[in-house]
Amino acid sequence: MKLFKIILFISIFSIPVYLVVINLNKNEDKNWQTYYKSETGLNVYKTTEREKKKVKISNKKEDQNILRAPASIPRPIDKKTKREILGKINDRTTYTNSPNPDWKKLYANDLLNKLGEDSKVFIKKNSGIIRVIANKATYIEQVQVTIQSDPNLPANSFEAQVDAQTGKQLTVWNRTNFENKKNSFSIKMKLDP
């Protein structure tokens with residue numbers, strides 16, 4: 001009887017702990033993550049609200065939790081990987097890559113190698129897709145990226161498609177454009193009251 005009580009006690013307290021841990025790790029891939037280099041190598045942590053404010057990362061999509069219905073017909077979804085399928089998969093389709101759980105680190109490392117020492121890269125996964133062209137399917141990750149190369153300058157941001165195996169950038173769109181304020185011409189007049 002005493003053994004039964006011990007087992008019951010352990011199971012009652014372990015189930016909620018297990019469920020909390022699962023929920024915390026559930027959407028880890030869809031949250032903003034900050035990557036930076038140090039002497040020990042590439043480091044990563046969940047982006048703080050203060051950093052989001054500083055580099056002007058919008059929380060609109062995270063706060064609303066409302067899905068907009070697209071005007072077009074919804075794309076099919078692969079049941080096994082839960083990715084949208086762009087194209088048609090049939091029995092002759094071959095996969096050119098396979099998803100790598102470390103694709104985000106590979107991508108961030110590639111970006112940071114091209115930037116200065118104090119740079120930070122903020123990455124958030126939007127969705128995963130399978131693109132099929134000529135019976136060749138490729139696993140692709142669609143991400144939002146913000147780069148802070150200098151703390152005194154505004155951050156640059158863009159969206160990209162990244163190879164899910166190698167972490168190589170495939171396409172980029174929605175880049176931010178900044179006007180060069182230093183060399184711009186302006187006329188300043190002192191107004192008399």
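Of the Cα atoms belonging to region 89-149, the radius of gyration and Dmax stand at 14.9, 49 Å.
Remark: for residue pairs K56/K104; K30/K136; K56/K136; K30/K114; K79/K105; K53/K79, the C-alpha separation exceeds 29 Å in K56/K136; K53/K79. Within region 111-137, what residues put their amide N at less than 16 Å from the label point 7 Å along the Cα-to-Cβ vector of S149? Counting only backbone N, you get 111-122.
Taking packing as the residue-averaged number of other Cβ atoms within 10 angstrom, the listed peptides 114-124, 156-166, 91-101, 31-41 run from highest to lowest as 156-166, 114-124, 31-41, 91-101. Backbone phi angles across region 79-90, fed through the Karplus curve with coefficients 6.51, -1.76 and 1.60 (θ = phi - 60°), yield HN-Hα couplings of 5, 6, 9, 6, 10, 5, 10, 9, x, 10, 9, 9 Hz in residue order; Gly and Pro are listed as x.
Mind checking the full-extension length gain between N43 and F4? Use 0.36 nm per residue of separation minus the Cα-Cα distance, one decimal, nm. Mind showing how you got there, number by number?
Details: separation 39, 0.36 × 39 = 14.04 nm, distance 4.56 nm.
Full extension of this stretch gives 9.5 nm more.
In this label model, K82 and N135 are separated by 3.2 nm, measuring between points 7 Å along each Cα→Cβ vector.
Between the beta carbons of R75 and N97, assuming R0 = 25 Å, the FRET efficiency works out to 0.80 to the nearest 0.05.
All of the numbers you see were taken from the coordinates with simple rules; none came from a lab. Keep in mind that this is a model prediction, so the values were computed, not measured. Positions of Cβ are backbone-derived with ideal geometry, glycine not excepted, and every protein chain shown enters the neighbour counts.
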